[in-house]
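> Here it is, the structure in full.
The values are calculated or read from the model by the stated rules, or taken from the named source; none is laboratory data. None of the values given here were measured: they were computed from a predicted structure. We place every Cβ from the backbone using ideal geometry, glycine too, and count neighbours over all the protein chains shown.
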Amino acid sequence: MEGIAPEIAEKVRQLGEKFKNSGQDLGSYLDGLLYDKYLTYWDYIHLDTLLSLQNPKTHFPDEEIFIGYHQITEIYFKLIIHEQKQIVEAEELSVSFFIEKLNRIIRYFRILANSFDVMIRGMEREQFLKFRMALLPASGFQSAQFRMIEIFSTPLENLVHTDIRENFRNHKSIEELFENVYWKRGATDLETGEKTLTLKQFEKKYTNRFLRSANRLKQNTIYDKFQQLSVEDKDNNTLREALRTLDTAVNVNWLLVHIGAAQKYLIAKNKAAAPATGGTNWKQFLPPSFQRITFFPELWSEEELKEWGKHWVEEMITQ
Ligand code: HEM
């Protein structure tokens, strides 16, 4: 090793050790290093692939914004699920780790809510109303990651439609609970029992995956993880506040900004609401005060649950 700096020689020795321990030959790996190209930014983040994924169906320029923003949201959803997995998979869940992960998820949802203006103000209404017709019967309703965020957060019984939720407390199978989640009911004609095409397609593609995940997460959702903590840990105010903030960030604030887009585009002055691409009765389906979904019900008072998201509906009605 003559002429080689001692710290480099030491690194080579450590590398030799590392490769020997796994039965590998250091010389071959050094050859690989010699021939390897330098990494570039564009290869590392797969920029060309990423930028090839925005493919409008119409010639309206604003459709690209619509696609791009949905994709941005799905990437954030992926990061959110990444944090949720770490909470539910932690072998020993410390309060500080729990809070740290929740804060990251809250941060992502805040970014999403704060950027929703890209949808509300960032597209021409006339263009939107036209290009959306080329997207039927697709709808953000079919975002499987949004549904996974719900499934990770809370037992399915808290996602059952509010009108029948109390009948489903305890002892119901995952399959039965899943059949009655709020979003399936929202996309079903209750008189005929007919499901929208949007829902039928969504079910065909994802039911098995959702059921597998819900079964795997049985008694292991984020809410379960909280409930399994020691009395002292459960009393931690910062943790309780983080869970409450997350609950409102998803089930009130994000829903509200999202409805703002439906309001802007689908309601014309003095006219009835236009049908949604996913075919729900969206004015009834979307508002938090109608859905009444809370991931962590124990953390809210009866009064707070009763008033869930209500202030918004009152504001809208009096406008
Ligand atoms: C101009 C923009 C948008 C409008 C007008 C709009 C409209 C709607 C409507 C009317 C629904 C009800 C289901 C239906 O019948 O189609 C819905 C559901 C939904 N949309 Fe959007 N949306 C917009 C943007 C987005 C974006 C950017 C996302 C991000 C992924 C998204 C995700 C969702 C989700 C997750 C649902 C289901 C909500 C729930 O179950 O509570 N939407 N949307």
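> For the range 286-302, how many residues meet the condition of being surrounded by fewer than 18 Cβ atoms within 10 Å (Cβ to Cβ) and either more than 18 Å from ARG165 (Cβ to Cβ) or near the ligand (Cβ under 8 Å from one of its atoms) (or both)?
0
> Of all residues in the range 83-133, count the ones that are among the aliphatic types (A, V, I, L, M), in a loop (DSSP other than H, G, I, E, B) and away from the ligand (no atom under 13 Å from the Cβ). Give the derivation first.
To start, the set of residues in the range 83-133 that are among the aliphatic types (A, V, I, L, M) comprises 87-88, 90, 93, 95, 99, 102, 105-106, 111-113, 118-120, 123, 129, 133.
Next, from what is left, pick out any that are in a loop (DSSP other than H, G, I, E, B): 90, 93, 123.
Keeping just the survivors that are away from the ligand (no atom under 13 Å from the Cβ) gives 90, 93.
Total satisfying the criteria: 2.
> Report, ordered by the first and then the second residue, all pairs with beta carbons closer than 9 Å, sequence separation of six or more or different chains, a first member in the range 127-148 that is over 20 Å from PHE178 (Cα atoms), and a second member that is in a loop (DSSP other than H, G, I, E, B) and of a type in the set (D, E, K, R).
Final answer for the pair search is PHE131/LYS57; ALA134/LYS57; LEU135/LYS57.
> Taking interchain pairs and intrachain pairs at least six residues apart, which have beta carbon atoms under 7 angstrom, with the first residue in the range 60-82 and over 19 Å from ALA262 (Cβ atoms) and of a type in the set (Ser, Thr, Tyr) and the second away from the ligand (no atom under 11 Å from the Cβ) and assigned to a helix (DSSP H, G or I)?
TYR76/TYR108; TYR76/ILE111
> Then there is this: Among the residues of the range 26-37, is any within 16 Å of the ligand (Cβ to nearest atom) and polar (S, T, N, Q)? Quick ask: steps written out before the conclusion?
Step one: of the range 26-37, the residues within 16 Å of the ligand (Cβ to nearest atom) are none.
The answer is no, given that none of the residues of the range 26-37 is within 16 Å of the ligand (Cβ to nearest atom) and polar (S, T, N, Q).
> Do any residues in the range 282-309 that are within 17 Å of LEU246 (Cβ to Cβ) and at pLDDT below 90 have Cβ atoms under 6 Å from those of residues that are of a type in the set (A, V, I, L, M) and in a helix (DSSP H, G or I), where the two are at least six apart or on different chains, and which pairs are they?
These pairs meet every condition: GLY309/VAL252.
> Which residue, of THR73, THR49, is exposed (fewer than 14 other Cβ atoms within 10 Å of the Cβ), within 28 Å of the chain's Cα centre (by Cα), among the β-branched types (Val, Ile, Thr) and assigned to a helix (DSSP H, G or I)? Lay out the reasoning, then the answer.
Working: THR73 fails: exposed (fewer than 14 other Cβ atoms within 10 Å of the Cβ).
After ruling out the rest, the residue left standing is THR49.
> Could you tell me which residue of the range 135-176 is farthest from LEU305 (Cα to Cα), considering only residues that are touching a strand residue (DSSP E or B) at 6+ places or on another chain (Cβ under 9 Å) and within 16 Å of the ligand (Cβ to nearest atom)?
Only one residue fits best here, namely ARG147.
> Report yes if some residue within the range 262-273 is in the same structural domain as THR198 (by TED's automatic domain parsing), within 16 Å of the ligand (Cβ to nearest atom), in contact with a Phe, Trp or Tyr (Cβ under 8 Å, 6 or more places away or on another chain) and in a loop (DSSP other than H, G, I, E, B); otherwise report no. Spell out how you get there, then give the answer.
So in the range 262-273, the residues in the same structural domain as THR198 (by TED's automatic domain parsing) come out as 262-273.
Still in the running and within 16 Å of the ligand (Cβ to nearest atom): 262-268, 271-273.
Now drop any that are not in contact with a Phe, Trp or Tyr (Cβ under 8 Å, 6 or more places away or on another chain), which leaves 262, 265-266, 273.
Narrowing the set further to residues that are in a loop (DSSP other than H, G, I, E, B) leaves 273.
Checked against the condition, which is being in the same structural domain as THR198 (by TED's automatic domain parsing), within 16 Å of the ligand (Cβ to nearest atom), in contact with a Phe, Trp or Tyr (Cβ under 8 Å, 6 or more places away or on another chain) and in a loop (DSSP other than H, G, I, E, B), the range 262-273 yields at least one hit.
> Which of the residues belonging to the range 132-178 are at pLDDT below 95, among the basic types (Lys, Arg) and surrounded by 15 or more Cβ atoms within 10 Å (Cβ to Cβ)?
ARG165, LYS172
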